[in-house]
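*Asks:* Okay, handing you the structure first.
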Amino acid sequence: MGELGVANSDRGPLQRSGFVLGCKSSTPPDPPLLCQDCLPAAEEAAQQVLNSVHPTLDSEEKRRDIIDYVQRLIKSHLNCEVFPYGSVPLKTYLPDGDIDFTVLKSPNAEESLAHDVFALLKREEKNENAEFQVKDTQFIDAEVKLVKCLVGNIVIDISFNQLGGFSTLCFLEQVDRLVGRNHLFKRSIILVKAWCYYESRVLGAHHGLMSTYALETLVLYIFHLFHSSLSGPLEVLYRFLEYYGQFDWDNYCISLKGPVYKSTLPNIVVRLPESGWNDLLLSEEFLGNCIEMFSVSSRTLGRTPKEFQPKHFNIIDPLKENNNLGRSVHRGNFYRIRSAFKYGARRLGQILSGPRDKVADKISDFFASTLERH
């Protein structure tokens, strides 16, 4: 993607109106003071929200059966290996979340393979003896070929030779193990995802909104900066909304190395505060090992690597620096997302500032659409 540079906050072309770390301070900003008596009650109320949307034994069994069915169907007819990736194997999916698959075969066969899978599923729609009902099969002829359908009323997305999905899965599993605390990282992803999907409607790459991996990376960055002070998933959500609601998206990209000034791209110049960063979650050694183990080179797949393409909502992939995880976000939706974060932070901040006896009801109101749906 280009050379890595570091710019201190007191010199060089990166000085702009006192913005450091992409925000209006020289250190990661602390949110407004919260009522410490309110936080445990709020986290308890948020746990009830999590209980309504997290994976269950029934949902796990149904998805496992569908995965087995799709794998057998494609392998028996097309002699290809099929693997799930994304939120289902990570166990961070919402109740009506989709299942992502990738079909592996020679890169030169992707075009014909996509059409073959599409034709196979269209035939299966007419199979009265099929194990699951298949319907609404679509072929999406984009840069990344995609076949979509419903299997047992669950949305299925099938891509081809997308090895990056496995890299992401392994990387996030490693992060969850590092964080520990009864899968706090995964539980936080589910809660943030529920708010972004059901309450603010800002999640969904196919609609020009955030992709799931972009959201997961943003949550990871919050853990990277604030992990030692995070008490539970609701506080993670508050930090998430507060930080990204005031982040200077016009001038910076989010990166685990620190905010990167957009004007230096494709060279990465990281903006660090004068005092540096202390107590970060992910060490350089940890990140280096993950990149070495999990990243998939474009050259390995016979493709010419592209430069990072800046857009309106810029997030640098931790495993692949030339990949913009925010590229799906359209300009209008960027303003919608930023406004949602600001509004959510202000509203949740008011709830967490007391009074304590009203916190549980107000958290339920904050997640009203989620609880009404599930």
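*Asks:* Return only the number of the condition from (1) assigned to a helix (DSSP H, G or I); (2) farther than 17 Å from residue 79 by Cα; (3) modelled with pLDDT of 95 or more that residue 157 does not satisfy.
*Replies:* Result: residue 157 passes all but (1).
*Asks:* Which one of these does residue 162 not meet: (1) touching a residue at least 40 places away in the same chain (Cβ under 8 Å); (2) open to solvent by less than 50 Å² (accessible area, probe 1.4 Å)?
*Replies:* (2)
*Asks:* Against the definition (touching a residue at least 40 places away in the same chain (Cβ under 8 Å), open to solvent by 50 Å² or more (accessible area, probe 1.4 Å) and among the polar types (S, T, N, Q)), how does residue 133 come out, yes or no?
*Replies:* no
*Asks:* Tally the residues that are open to solvent by 40 Å² or more (accessible area, probe 1.4 Å) and closer than 24 Å to residue 228 by Cβ, restricting the search to region 165-175.
*Replies:* Adding up the residues that qualify gives 2.
*Asks:* Can you tell me how many residues in region 89-106 are under 13 Å from residue 151 (Cβ atoms) and open to solvent by 10 Å² or more (accessible area, probe 1.4 Å)?
*Replies:* Residues that pass the stated criteria total 2.
*Asks:* So which residues in region 310-338 are part of a loop (DSSP other than H, G, I, E, B) and either β-branched (Val, Ile, Thr) or not assigned by the TED database to the domain that holds residue 210 (or both)?
*Replies:* Correct list: 329 only.
*Asks:* Modelled with pLDDT under 95, in a helix (DSSP H, G or I) and closer than 21 Å to residue 310 by Cα, is that true of residue 263?
*Replies:* Taking the combined requirement at face value, the residue satisfies it.
The values are calculated or read from the model by the stated rules, or taken from the named source; none is laboratory data. Worth saying up front: this structure is predicted, and the values here are computed from it rather than measured. Neighbour counts are summed over all protein chains in view; Cβ atoms, including those assigned to glycine, are modelled from backbone coordinates with ideal geometry. Surface areas here come from the heavy atoms of the whole protein model, side chains and all, with no ligands, DNA or RNA. Shrake-Rupley method; radii C 1.70, N 1.55, O 1.52, S 1.80 Å.
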